[in-house]
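Have a look at the structure below before the remarks.
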Amino acid sequence: MGFFAPPPVIKTEVYASLPKKYRDPSKRKPRSAPRFHHGIDSFLEGPSFDREGNLYLVDIPYGRIFRMSPKGDFDLVTQYDGEPNGLKIHKDGRIFISDYKNGIMELDPRTAKIEPLLEWRHTERLRGVNDFVFSSSGDLYFTDQGLTGFHDPTGRVYRYTAQGHLECLLYNAPSPNGIALSPKDDVLYIAITCAAAVWRMQPTSDGSAKVRLFTQMICGGADGLAVDEAGNVVVANVQMGILWLVDKKGEPINRIQSCGGDMTTNVAYGGPERKTLFMTDSENGQILVADMPVSGKLLFSHL
């Protein structure tokens, strides 16, 4: 973002924090999340609201799914042998989880039963699913990041259609992470972590769409994305404690400054008129909020 005039700063504040009873590292499952160091008490990600205003969150290293009430109270929905990285809610109430270890999972919020939905493409296992987004038609777009990067630019972006067909849209992305759709679902945005950039493309089914650079940050990484009704995009500049609000052309409008740690990883619009931005401060187990100028895009869960 160093090529533009400094944009106005939007301040954040702490909305809620994971309670102490959920922060005991000794309860870590032996097989969960070897990429996280021992002793970490949580790593919150994947914020997503249901129709009642509850915010669902994943906790990657412990395989936990939390539900936070509008008052900021936490409940543990379930814990399982996995590494949940992202979470989105279907308009029928089902909860979909992108699991780095297991692929795409499906959670019934009433019974807390969780089971695999999508683990393979042809004869190959998914390499490490990161994040996803529903289109208004019910198609599910997701990033398959794994350990890809500049050294191995083979990360993939898929579309799993509402009819149950899996289509590979990109197969050469270096570390694809957050993903979002424009208000009309005609532009797909993909955060490329190792490049601290966001790509854009038309969401075609045959992988032939031209991919362009949408916006570029100068350091850190690109993580979670969210879109508002005007087509502006929030980009979590992870490891920097910054989020950027950029317009449809990719130019910065506002700098959203974390009042917590540097690992502000993912975002969701919520609150009255969807004008509050909720952010996961992953290293501190907190939820930060900021007042935004435009309402967030109405997601598939609320259609």
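Please verify whether Glu115 is closer than 18 Å to Gly63 by Cα, at pLDDT 95 or above and surrounded by fewer than 13 Cβ atoms within 10 Å (Cβ to Cβ), treating the condition exactly as stated.
Answer is yes for this residue.
Can you tell me which condition Gly261 does not meet? The list is (1) closer than 25 Å to Leu213 by Cβ; (2) of a type outside the set (Lys, Arg); (3) assigned to a loop (DSSP other than H, G, I, E, B), and all the others hold.
The failed condition is (1).
Report whether or not Ala209 is free of Cβ contacts under 8 Å to residues at least 60 places away in the same chain, part of a strand (DSSP E or B) and among the aliphatic types (A, V, I, L, M).
No; evaluated as a whole, the condition is false for this residue.
Taking Tyr56 as the residue in question, decide whether it is hydroxyl-bearing (Ser, Thr, Tyr), buried (at least 18 other Cβ atoms within 10 Å of the Cβ) and either under 25 Å from Thr161 (Cα atoms) or in contact with a His (Cβ under 9 Å, 6 or more places away or on another chain) (or both).
Against the criterion (hydroxyl-bearing (Ser, Thr, Tyr), buried (at least 18 other Cβ atoms within 10 Å of the Cβ) and either under 25 Å from Thr161 (Cα atoms) or in contact with a His (Cβ under 9 Å, 6 or more places away or on another chain) (or both)), Tyr56 qualifies.
Suppose we filter the stretch 153-165 for residues that are surrounded by fewer than 20 Cβ atoms within 10 Å (Cβ to Cβ) and under 17 Å from Ala197 (Cα atoms); how many remain?
Total meeting the criteria: 2.
Residues being touching a strand residue (DSSP E or B) at 6+ places or on another chain (Cβ under 7 Å), more than 21 Å from Thr193 (Cβ to Cβ) and not polar (S, T, N, Q): count how many of those fall in the stretch 128-149.
2
List the strands (runs of 3 or more DSSP E) inside the stretch 57-173, counting only whole elements, that have at least 3 residues being without any contact (Cβ under 8 Å) to a residue 12 or more places away in the chain and more than 17 Å from the chain's Cα centre (by Cα).
Once the strands (runs of 3 or more DSSP E) in the stretch 57-173 are filtered for at least 3 residues that are without any contact (Cβ under 8 Å) to a residue 12 or more places away in the chain and more than 17 Å from the chain's Cα centre (by Cα), nothing remains.
One line per residue, one yes/no per condition, for (1) surrounded by fewer than 21 Cβ atoms within 10 Å (Cβ to Cβ); (2) among the charged types (D, E, K, R); (3) under 15 Å from the mean Cα position of the chain (by Cα):
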{"residue": "Pro203", "(1), (2), (3)": "yes, no, no"}
{"residue": "Val235", "(1), (2), (3)": "no, no, yes"}
{"residue": "Val238", "(1), (2), (3)": "no, no, yes"}
{"residue": "Leu245", "(1), (2), (3)": "no, no, no"}
{"residue": "Pro252", "(1), (2), (3)": "yes, no, no"}
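So, Val233, is that one under 20 Å from Asp139 (Cβ atoms), out of contact with any His (no Cβ under 9 Å at 6 or more places or on another chain) and modelled with pLDDT of 95 or more or not?
Yes: the conditions hold for Val233.
For residues that are aromatic (Phe, Trp, Tyr) and out of contact with any His (no Cβ under 9 Å at 6 or more places or on another chain), scanning just the stretch 77-124, find the one that is nearest to Asn177 (Cα to Cα).
Restricting to residues being aromatic (Phe, Trp, Tyr) and out of contact with any His (no Cβ under 9 Å at 6 or more places or on another chain), the top hit is Tyr100.
Go through the stretch 174-201 and give me each residue that's of a type in the set (Asp, Glu) and either assigned to a strand (DSSP E or B) or more than 18 Å from the chain's Cα centre (by Cα) (or both).
Asp186
Do we find a residue being of a type in the set (A, V, I, L, M, F, W, C) and part of a loop (DSSP other than H, G, I, E, B) anywhere in the stretch 243-255?
Scanning the stretch 243-255 turns up no residue that is of a type in the set (A, V, I, L, M, F, W, C) and part of a loop (DSSP other than H, G, I, E, B).
Quick check: is even one residue across the stretch 267-281 assigned to a loop (DSSP other than H, G, I, E, B) and either surrounded by fewer than 21 Cβ atoms within 10 Å (Cβ to Cβ) or among the β-branched types (Val, Ile, Thr) (or both)?
yes
List the number of the failed condition for Ser48; all other conditions in (1) over 26 Å from Pro272 (Cβ atoms); (2) crowded, with 20+ Cβ neighbours inside 10 Å; (3) of a type in the set (S, T, N, Q) hold.
Every condition holds for Ser48 apart from (1).
Which of the residues belonging to the stretch 155-167 are hydroxyl-bearing (Ser, Thr, Tyr) and within 16 Å of Ser208 (Cα to Cα)?
Tyr158
For the stretch 282-303, enumerate the residues that are surrounded by fewer than 20 Cβ atoms within 10 Å (Cβ to Cβ), part of a loop (DSSP other than H, G, I, E, B) and at pLDDT 95 or above.
Pro293, Val294, Ser295, Leu298
The values are calculated or read from the model by the stated rules, or taken from the named source; none is laboratory data. Being a predicted model, the structure only gives us computed values, none of them experimental. For neighbour counting, all protein chains shown are included, and Cβ atoms are generated from backbone atoms with ideal geometry for every residue, glycine included.
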